[in-house]
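Comments concern the structure below.
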Amino acid sequence: MYKHGKYPVTEKKAVAKGIFDFTISCKEVAEIAQCGQFVHVAAEGFMLRRPISICDIDKEKGTIRIVFEVRGKGTEKISDIKKGDLIDMIAPLGKGFKILEKGKKAVCIGGGIGTPPMVAVAKEYGENATVISGFRSASAVILQEDFKAQGNNTILCTDDGTAGMKGFVTTALEECLDKEKPDIIYACGPSAMLKAVVDIAKKNGVYCQVSLEERMGCGVGACLVCACKVVKDGEEFYAHVCKDGPVFSAEEVVF
Amino acid sequence: MADLKVNFAGVEFKNPVIPASGAYGYGREYEDLYPVSLLGGISVKGTTLNKKDGNPPPRIAETYAGMLNSVGLQNGGVKKFLNTELPYLKTKDIVVISNIAGATVEECRELAALIDNSDADMIELNISCPNVKQGGAAFGTKCDSAAAITRAVRSATTKPLMVKLSPNVTSIVDIAKAVEAEGADAVSLINTLLGMRIDIKTKRPILKNNVGGLSGPAVFPVAVRMVWQVANAVSIPVCGMGGISCAEDAIEMMMAGAQTIQLGAAIFNNPYAPVEIIEGMNKWCDENGVRSITEIIGAVKPW
């Protein structure tokens, strides 16, 4: 079930260079949204909508948050939307993360702009979630206070060591798993990172879900452009990020 | 309220608006927003005999006022269409146009025979897909091959047969005449225009297939011109498409000579586009004293 409408942006923040944080008042969307789903946002003057993952959902207030990076002219146009303006979106779309029952432990891994969808999922686990985030450098770090405020353990990595530990999220993940194996691992980020995370999860026998991205058209499973290779029952085929994903079980994804 | 009904190739449409093949799946995908039964018809995703996986991604690239796609006819095969999708659509009170896109003449003939035996209302023979190595545009870019495949499919079905034409040809009029001569009941045009975009940072084409089909408002004037030329050259009805995104575009296309219209890319931007076009046509007709939408078909007064 999804909706299409124009909804007011009630808060807008620049959280790092070229990265924006919108809170959107959309009760009908917030009511049915699940963490890991995405919204398909119209950029005025552009043909195609931009898929943006849902960062957080507040069902009581009837709001959702999206945190996105300006990647090109379309996302730049979206970033021009001001507080109080309306944002045109089709939402919520896709299949979200599977959330385990209370008391289970999760490790959430976000690489760069793959970090936002980890906020909503880590919130479900509170202090039972360890969030490992990786960024290029200190200036690109986002959302760490959000994770801390919802009780998550945080491990911050930067490529150049200007914030947190120097190195990749995969090193932090391995150290984490050496201490204690969680019940589930969630990951979103660049493809190379996801592949490495999936290998580590597999080696440690921990169930893992990844959130993928691909250039997208309709967003609702009609046009079939956002193909991603998956394997089921030994057969490889193209599934679609918008409808079959964006969240996939790690063992299904063919990197 | 104007009368939007059209009789197209012997098939009654309650209005002339049809989502184009490949842009609207099998109609289920937009039913969260409005009932598909509001539409005149639906041209379903191009069907092949066996399941087809399509081209590797990326399969889409944005362009000025348009987009390129290189899906490559991904579909679940004709059996899945007949067993799962068609029965669903037949409950929806719309004209179901079964789009067939075989890789060989024999496959198209076989597909037509299977569809002939079904509840589908019309067949749209796709001889113009730019994204497949076999079949597709290879049939539709020469008069003799377009004629030969139309002849083969015609012999396999008594259902109304519409042939979807490629704009990537020297003379689309000659192709239209060739398929008319072989018994096509209608033609639909235009399929996408072959295009390409390159990422200048990586020097790589954005589409993994390197090239793909251009659609969207950018192609609209080309489509209007081709529909006009074809409508003036053949006596079978024309279904016009290519870049239509609002009621005014649809009316313009019908004035060029189209009896029905299809739209695709516009839906990705505005999922309500098909219903807004129907409402907009109605309003336009009322405001302009047009009682039946058929009055505007071919109404252009060329200089």
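Output yes when any residue across region A:117-126 is closer than 27 Å to A:TYR2 by Cβ, over 19 Å from the mean Cα position of the chain (by Cα) and outside any helix (DSSP H, G or I), and no when none is.
Taking every residue of region A:117-126 in turn, none turns out to be closer than 27 Å to A:TYR2 by Cβ, over 19 Å from the mean Cα position of the chain (by Cα) and outside any helix (DSSP H, G or I).
For B:ALA176, all conditions in the list (1) open to solvent by 10 Å² or more (accessible area, probe 1.4 Å); (2) small (Gly, Ala, Ser); (3) away from chain A (no Cβ under 14 Å) hold save one; what is the number of the exception?
Condition (1) is where B:ALA176 drops out.
Filter region B:51-80 down to residues that are more than 8 Å from chain A (Cβ to nearest Cβ), free of Cβ contacts under 8 Å to residues at least 40 places away in the same chain, open to solvent by less than 20 Å² (accessible area, probe 1.4 Å) and closer than 16 Å to A:ALA222 by Cβ, then give me how many there are.
Number of matching residues: 1.
Of the numbered conditions (1) open to solvent by less than 20 Å² (accessible area, probe 1.4 Å); (2) closer than 16 Å to B:LEU111 by Cα; (3) small (Gly, Ala, Ser), B:SER155 satisfies every one except a single condition; which is it?
With respect to (1) open to solvent by less than 20 Å² (accessible area, probe 1.4 Å); (2) closer than 16 Å to B:LEU111 by Cα; (3) small (Gly, Ala, Ser), B:SER155 is out only on (1).
Out of curiosity, is B:GLU85 more than 9 Å from chain A (Cβ to nearest Cβ), in contact (Cβ under 8 Å) with a residue 60 or more places away in the chain and not aromatic (Phe, Trp, Tyr)?
Spelling it out, it is not the case that B:GLU85 is more than 9 Å from chain A (Cβ to nearest Cβ), in contact (Cβ under 8 Å) with a residue 60 or more places away in the chain and not aromatic (Phe, Trp, Tyr).
Here are the criteria: (1) in the same structural domain as A:GLY114 (by TED's automatic domain parsing); (2) more than 19 Å from the chain's Cα centre (by Cα). Tell me which single one A:ALA192 does not satisfy.
The one condition A:ALA192 does not meet is (2).
A:GLU251 versus (1) more than 13 Å from chain B (Cβ to nearest Cβ); (2) over 21 Å from B:SER70 (Cα atoms); (3) at pLDDT 95 or above: which is the lone unmet condition?
(3)
How about region A:46-98: which of its residues are touching a residue at least 40 places away in the same chain (Cβ under 8 Å), open to solvent by 10 Å² or more (accessible area, probe 1.4 Å) and farther than 27 Å from B:TYR64 by Cβ?
Hits for region A:46-98 are A:SER53, A:ASP56, A:ILE57, A:THR63, A:ARG65, A:LYS83, A:GLY84, A:GLY94, A:LYS95, A:GLY96, A:PHE97, A:LYS98.
Can you tell me which of (1) in contact (Cβ under 8 Å) with a residue 12 or more places away in the chain; (2) within 30 Å of A:ARG50 (Cα to Cα); (3) not hydroxyl-bearing (Ser, Thr, Tyr) is the one A:ILE200 doesn't meet?
Of the numbered conditions (1) in contact (Cβ under 8 Å) with a residue 12 or more places away in the chain; (2) within 30 Å of A:ARG50 (Cα to Cα); (3) not hydroxyl-bearing (Ser, Thr, Tyr), the odd one out for A:ILE200 is (2).
Which members of region B:265-299 meet the condition of being open to solvent by 70 Å² or more (accessible area, probe 1.4 Å) and assigned to a helix (DSSP H, G or I)?
Once the filter is applied, which keeps residues that are open to solvent by 70 Å² or more (accessible area, probe 1.4 Å) and assigned to a helix (DSSP H, G or I), region B:265-299 yields B:GLU276, B:GLU279, B:LYS283, B:ASP286, B:GLU287, B:GLU295.
Could you check how many residues of region B:217-239 are closer than 22 Å to A:CYS218 by Cβ and more than 13 Å from chain A (Cβ to nearest Cβ)?
The number of residues fulfilling the criteria is 2.
What's the total number of residues in region A:75-98 that are closer than 14 Å to A:ILE54 by Cβ and outside any strand (DSSP E or B)?
3
Identify all residues within region A:4-19 that are assigned to a strand (DSSP E or B) and away from every other protein chain (no Cβ under 14 Å); write none if there are none.
If the condition is that a residue be assigned to a strand (DSSP E or B) and away from every other protein chain (no Cβ under 14 Å), then A:TYR7, A:PRO8, A:VAL9, A:THR10, A:GLU11, A:LYS12, A:LYS13, A:ALA14, A:VAL15, A:ALA16, A:ILE19 are the ones that fit.
What number of residues within region B:149-183 are part of a helix (DSSP H, G or I) and closer than 24 Å to B:ASN75 by Cβ?
Result for region B:149-183: 6.
Among the candidates B:LEU207, B:LEU214, B:LEU263, which residue alone is within 14 Å of chain A (Cβ to nearest Cβ), within 21 Å of B:LYS14 (Cβ to Cβ) and in contact with a strand residue (DSSP E or B) (Cβ under 7 Å, 6 or more places away or on another chain)?
B:LEU263
Counting residues that are hydroxyl-bearing (Ser, Thr, Tyr) and touching a residue at least 24 places away in the same chain (Cβ under 8 Å), which strands (runs of 3 or more DSSP E) fully inside region A:209-255 reach at least 1?
Qualifying strands (runs of 3 or more DSSP E): A:247-249.
How about region B:229-250: which of its residues are assigned to a loop (DSSP other than H, G, I, E, B) and of a type in the set (A, V, I, L, M, F, W, C)?
If the condition is that a residue be assigned to a loop (DSSP other than H, G, I, E, B) and of a type in the set (A, V, I, L, M, F, W, C), then B:VAL234, B:ILE236, B:ILE244, B:CYS246 are the ones that fit.
Looking at region B:3-102, what strands (runs of 3 or more DSSP E) fall wholly within it and have at least 3 residues that are within 23 Å of B:PRO217 (Cβ to Cβ) and under 17 Å from the mean Cα position of the chain (by Cα)?
Fully inside region B:3-102 and qualifying: B:17-19, B:41-43, B:66-69.
State whether the residues of region B:123-137 include one that is open to solvent by less than 10 Å² (accessible area, probe 1.4 Å), farther than 21 Å from B:LEU49 by Cβ and not β-branched (Val, Ile, Thr).
No, the conditions are met nowhere in region B:123-137.
Could you please find all residues in region B:83-106 being open to solvent by 60 Å² or more (accessible area, probe 1.4 Å) and either more than 26 Å from B:SER166 (Cβ to Cβ) or of a type in the set (Lys, Arg) (or both)?
B:ASN83, B:THR84, B:PRO87, B:LYS90, B:THR91, B:ASP93
The values are calculated or read from the model by the stated rules, or taken from the named source; none is laboratory data. In this text the structure is predicted, and so the values were computed from the model without any measurement. Methodologically, a virtual Cβ is constructed for each residue, glycine included, from the backbone with ideal geometry; neighbour enumeration extends over all protein chains shown. Calculation scope for accessible area: heavy atoms of the full protein, side chains included, ligands and nucleic acids excluded. Shrake-Rupley method; radii C 1.70, N 1.55, O 1.52, S 1.80 Å.
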